[in-house]
Amino acid sequence: MNKIIEIIGVEFDLYFYPNLTLCWQTNSTDKKIHIKIFFIISSKQTSTPLPFEFFSKKIKLSPSSYNLVPLPRKKTGKSVIYFQKIINIKNLKMSVHNNSKVKKITTRVLQNMKNEGIKISMLTAYDYSTASLLDKAGIDVILVGDSAANVMAGFETTLPMTLDAMIYHASSVVRAVNRAMVVVDLPFGTYQGNSKKALFSAIRIMKETGANAIKIEGGKEVAESVSRILTAGIPVMGHLGLTPQSINKFGTYAVRATSESEAQKLISDALHLEATGLFGLVLEKIPAKLGRDIAKKLSIPVIGIGAGKHVDGQVLVIHDMLGITQEFSPRFLRRYHNLSDEIQNSVKQYIKDVKDGDFPNEKEQY
Ligand code: KIV
């Protein structure tokens, strides 16, 4: 798909660096095919290394091969020449800059993405290393889900998850992330039936983790909590459909809202919560047609997990999509990898190498 690409200004010395390495990030607010490349030519021709070590991935462009069009000169203290070139990004791989100049994904960016019809990508992460990989790969939103209770802690449900544990996971994630928006689940028992407690829990998450928003499960019954949390300036994402924290009420993880009355209730909850001030909504395991209808009715972004393709974005649990977990296999899950086998094979090889005295070898010791 074509998107606007915004190049972060690159400083280089023409004499020493005829080939230019560029790094860019997508600017999701605009769909036009448009790339701006700024060549800032230093007045002094020095061999100062380029700041390319900041870039997680690099691409080499030869300026001449792109037939760049010079734009009017601007004065910035250094001698600066602006070039502009329209490039179709299909031919280019996206790369993400990891210094502070990266444009952070905010609620406003997500809203613009919905308005522009650009799909939002969201995955869960619960630790520093995984979050760092997701962010470098260019994910839009990282959800520190209370699914950590299942995939990190081995509980059968998400109910045992505590606020302290969520804060531990979320602060690890936030330390790794430069670009993605980080949303954190309020765990079971930290908001239900008490909006003051909900506000207190949300404030703890924001203060102690540095995350950007919280997510809360439920319909009209949590509207008062949503409203109170919003008074503190904390963005809130909703979660309807299959809400795992209510598993004991429903008794099953089956598809939700298949009956007309349930579907109507879900729509009414979604509209009510949107009016309360949610910036986004997760819909879990509902018929695709209902997902599409809700995404159309709501002006805020609707992210689906098992809610069909016509919502504004998709979310999956990272352990499921990478195939670390094997036993969980709902229809909506696409596995992009089989890490379970790969990890086990590597560990088996390691065990064998240790037992055989093959590891470490001469080169792997001091
Ligand atoms: O906790 C979680 O991972 C979630 C997603 C399934 C949306 O809420």
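Total residues in segment 172-226 satisfying the condition of being acidic (Asp, Glu) and farther than 20 Å from Pro244 by Cα: the figure is 2.
State all residues of segment 115-165 that are in a helix (DSSP H, G or I), among the hydrophobic types (A, V, I, L, M, F, W, C) and within 12 Å of the ligand (Cβ to nearest atom); if no residue qualifies, say none.
Going residue by residue through segment 115-165, those that are in a helix (DSSP H, G or I) are 115-116, 128-137, 148-151, 163-165.
With the extra rule that they be among the hydrophobic types (A, V, I, L, M, F, W, C), the set shrinks to 131, 133-134, 137, 148-149, 151, 163, 165.
Scanning segment 115-165 gives Ala148, Ala149, Val151.
The residues of segment 251-280 that are among the β-branched types (Val, Ile, Thr) and touching a residue at least 40 places away in the same chain (Cβ under 8 Å), listed by number, are Val255, Thr276.
Remark: pairs (first residue in segment 281-306, on the phi < 0 side of the Ramachandran plot and of a type outside the set (Phe, Trp, Tyr); second residue part of a helix (DSSP H, G or I) and within 9 Å of the ligand (Cβ to nearest atom); Cβ separation under 9 Å; 6+ apart in sequence or on different chains) = Glu284/Pro244.
Within segment 275-331, the set of residues being more than 14 Å from the ligand (Cβ to nearest atom) and of a type in the set (S, T, N, Q) comprises Thr276, Ser299, Gln326, Ser329. Of all residues assigned to segment 221-235, none qualifies as being crowded, with 23+ Cβ neighbours inside 10 Å, within 13 Å of the ligand (Cβ to nearest atom) and not small (Gly, Ala, Ser). Only a single criterion out of (1) assigned to a loop (DSSP other than H, G, I, E, B); (2) modelled with pLDDT of 95 or more is not satisfied by Thr252, namely (2).
The values are calculated or read from the model by the stated rules, or taken from the named source; none is laboratory data. This one's a predicted model, so the numbers in the text were calculated from it and none came from an experiment. Cβ atoms come from the backbone with ideal geometry, glycine included; neighbour counts cover every protein chain shown.
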